[in-house]
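The values are calculated or read from the model by the stated rules, or taken from the named source; none is laboratory data. Keep in mind that what you see is a predicted model, and the values were worked out from it rather than measured. Because the Cβ atoms are built from the backbone with ideal geometry, glycine has one as well, and the counts that use them run over all protein chains shown. Just the protein is used for accessible areas: all its heavy atoms, side chains included, with ligands, DNA and RNA removed. Shrake-Rupley method; radii C 1.70, N 1.55, O 1.52, S 1.80 Å.
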Amino acid sequence: MDRDDLVRYLDAYLRIQDFPQDPSLNGLQVEGKRTVRKVGAAVDAGEAIFRKALEEGVDFLIVHHGLFWGKPFPIVGHHKRRLETLFAGGINLYAAHLPLDAHEEVGNNFVLARELGLVDLTPWDVGVKGRFPQPTPLLQVADRLGQLTGMQPLVHQGGLDHVETVILVSGSGTGLLPKVDADLFVTGEPKHSVFHETFERGLNVIYAGHYDTETFGVKALAAHLEAKFGLPWVFLDHPTGL
Ligand SMILES: [Zn+2]
């Protein structure tokens, strides 16, 4: 498939222009080969991931966390090596940060919410709000999240044993905790500063891993591209444990 056609499709499908608040430079960040034969999906941009992409013959790599976050920096040291690896393989690098958190078909939050069994899903900031069909034990939700992510989640129970309404914000969502109005808030990465607020407000929070809550979007997006354009894809797993 022609790279520019693929980029145009992705920019429109993910509504890349609709997230001006995103510090990520979303879209095609590094240009590689003109013809795309194999797609790679990964959470992060880094030399180890780029090397895996090179070994796998990926020529179009989609990442959630790209290389550029609104601040200029010189292309020296590890930055140079990252780009050298991409250039060596003619690998196109495409980043989708908040657009791939919020997307209602392939976004991290809607995909994870469906896997978790939530219904009545509505957008909530870049995440999603939904509910279980009936009140569900908090620890059962934590177990299910652990099965889905492969990582033992951290449970801070400040509220009820059974939960119905849930807000899910993948990655680093604690900044949104003050706005949470649900029985349970699920996010990725814990932050010490919200510990006491959680219990004082009677909230339940499950931390299911920053990396581990953000594998869903890139995988769903790559699977969508395969279904739509017949492009084979591979997930390049590089867990951070965070
Ligand atoms: Zn993230």
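Test HIS210 against the stated conditions and say whether it is within 30 Å of ASP11 (Cα to Cα), open to solvent by 40 Å² or more (accessible area, probe 1.4 Å), in a loop (DSSP other than H, G, I, E, B) and within 16 Å of the ligand (Cβ to nearest atom). Against the criterion (within 30 Å of ASP11 (Cα to Cα), open to solvent by 40 Å² or more (accessible area, probe 1.4 Å), in a loop (DSSP other than H, G, I, E, B) and within 16 Å of the ligand (Cβ to nearest atom)), HIS210 does not qualify.
Scanning region 39-64 for residues that are among the acidic types (Asp, Glu) and more than 15 Å from the ligand (Cβ to nearest atom), we see that the one that is surrounded by the fewest Cβ atoms within 10 Å (Cβ to Cβ) is GLU55.
Provide a single number: the residues in region 30-63 that are over 21 Å from PHE229 (Cα atoms) and of a type outside the set (Phe, Trp, Tyr). Here the count works out to 12.
Table: residues versus (1) over 22 Å from the mean Cα position of the chain (by Cα); (2) not aromatic (Phe, Trp, Tyr).
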position	(1), (2)
GLN29	no, yes
THR35	yes, yes
LYS38	no, yes
LYS52	no, yes
LEU61	no, yes
TRP69	no, no
ARG82	no, yes
ALA88	yes, yes
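All of HIS162, HIS196, HIS238, HIS192 fail the test of being touching a Ser or Thr at 6+ places or on another chain (Cβ under 9 Å) and either at pLDDT 95 or above or within 25 Å of ALA96 (Cβ to Cβ) (or both), apart from HIS162.
The set of residues in region 213-234 being buried (at least 21 other Cβ atoms within 10 Å of the Cβ) and part of a loop (DSSP other than H, G, I, E, B) consists of THR213, GLU214. The set of residues from region 135-184 being part of a strand (DSSP E or B), more than 16 Å from the ligand (Cβ to nearest atom) and open to solvent by less than 40 Å² (accessible area, probe 1.4 Å) comprises THR136, HIS156, VAL163, VAL166, ILE167, LEU184. Of all residues in region 185-202, those satisfying the criterion of being in a helix (DSSP H, G or I) and either within 17 Å of ARG114 (Cα to Cα) or of a type outside the set (Gly, Ala, Ser) (or both) are HIS192, VAL194, PHE195, HIS196, GLU197, THR198, PHE199, GLU200. For region 15-25, the count of residues that are within 15 Å of the ligand (Cβ to nearest atom), of a type in the set (S, T, N, Q) and either over 19 Å from the mean Cα position of the chain (by Cα) or within 30 Å of ASP125 (Cα to Cα) (or both) is at least one. Pairs are defined by a Cβ separation below 9 Å, a sequence spacing of at least 6 or placement on different chains, a first member in region 52-74 that is of a type in the set (D, E, K, R), and a second member that is within 14 Å of the ligand (Cβ to nearest atom) and open to solvent by less than 60 Å² (accessible area, probe 1.4 Å); the pairs so defined are LYS52/ALA42. Being among the charged types (D, E, K, R) and open to solvent by less than 20 Å² (accessible area, probe 1.4 Å) is the filter here, so list the residues in region 91-134 that pass it. Answer for region 91-134, where residues must be among the charged types (D, E, K, R) and open to solvent by less than 20 Å² (accessible area, probe 1.4 Å): just ASP101.
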